[in-house]
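See below for the structure under consideration.
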Amino acid sequence: MVWRDASEPVMWRADETELLPGMPIGTAVLSEDPKLPDEWWQAFNASLDALAAQDTRRVATPDTVTVTQALVTESIHSVFSGDFDTTVERWVPAHADLNWANMTAPTFSLFDWEDWGNAPRGLDSASLWGSSLAVPALADRVRQERRRDFESRDGKLMTLFVCSKILGPDAYPEDPRLEPARRMAEQIVAVLQTG
């Protein structure tokens, strides 16, 4: 159940939950590799693929901000210059708050669903990649596992969208994710400008 407060700029949600099968993997942004087994990654991929295959009219609201084309364009162009189109081609159901604090191990479970809804393809994959950048091997594993998302045009846009949050005006100067995000963003901007 979801509702907006009539007198305050607040959104309220109530969700029914059950006991998780394990502990959260870590904080939203990891600083060391959790060394997840292949079975975990298989369950992770199957869950994201099944979610993206669903239909909903609900729109994703990460951090209570509705994901729209305007938000995507504004976020990307506020940080990255260049003449490239930010139009999203495919919107699919997404968790919209995918990070290491919202999944369990050793048994895979994805929880904290209050933000889920339609979002650009690749948002979840790019978000988890961004949460993994302080551990390069883990970030590479996320890109390998979700390769189809990252290779899509929308996946490239979502990677820039996530990079814009890491590199934007509220960037923390000591964030170990800054340099890898900057390098990836430069590569993606170059690709989008040429094609």
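Data table
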{"item": "Subset of region 95-129 [over 20 Å from Arg143 (Cα atoms) and not small (Gly, Ala, Ser)]", "result": "Pro106, Thr107, Phe111, Asp112, Trp113, Glu114, Asp115, Trp116, Asn118"}
{"item": "Tally, over region 1-27, of residues that are within 25 Å of Val59 (Cα to Cα) and of a type in the set (Ser, Thr, Tyr)", "result": "2"}
{"item": "Glu114 of a type in the set (Asp, Glu), touching a Lys or Arg at 6+ places or on another chain (Cβ under 7 Å) and either under 21 Å from Met184 (Cα atoms) or surrounded by fewer than 19 Cβ atoms within 10 Å (Cβ to Cβ) (or both)", "result": "yes"}
{"item": "Checklist (1) over 14 Å from Asp97 (Cα atoms); (2) of a type outside the set (Gly, Ala, Ser); (3) in contact with a Leu (Cβ under 7 Å, 6 or more places away or on another chain); (4) free of Cβ contacts under 8 Å to residues at least 12 places away in the same chain applied to Asp38, failing item", "result": "(3)"}
{"item": "Trp100 free of Cβ contacts under 8 Å to residues at least 60 places away in the same chain and surrounded by 14 or more Cβ atoms within 10 Å (Cβ to Cβ)", "result": "no"}
{"item": "Residues of region 120-150 classified as surrounded by fewer than 24 Cβ atoms within 10 Å (Cβ to Cβ) and aromatic (Phe, Trp, Tyr), total", "result": "1"}
{"item": "Given (1) surrounded by 12 or more Cβ atoms within 10 Å (Cβ to Cβ); (2) β-branched (Val, Ile, Thr); (3) in contact (Cβ under 8 Å) with a residue 40 or more places away in the chain, index of the condition Thr17 fails", "result": "(1)"}
{"item": "Strands (runs of 3 or more DSSP E) completely within region 19-121 that count 2 or more residues being under 16 Å from the mean Cα position of the chain (by Cα) and within 27 Å of Pro180 (Cα to Cα)", "result": "91-94, 117-120"}
{"item": "Residue satisfying all of: in region 20-41; more than 20 Å from Trp116 (Cβ to Cβ) and in contact with a strand residue (DSSP E or B) (Cβ under 7 Å, 6 or more places away or on another chain); surrounded by the fewest Cβ atoms within 10 Å (Cβ to Cβ) among these", "result": "Met23"}
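None of the figures in this text is laboratory data; all of them are computed from the coordinates on show. These figures come from a predicted structure and were not determined experimentally. Note that each Cβ is placed from the backbone with ideal geometry, even for glycine, and that neighbours are counted across all protein chains shown.
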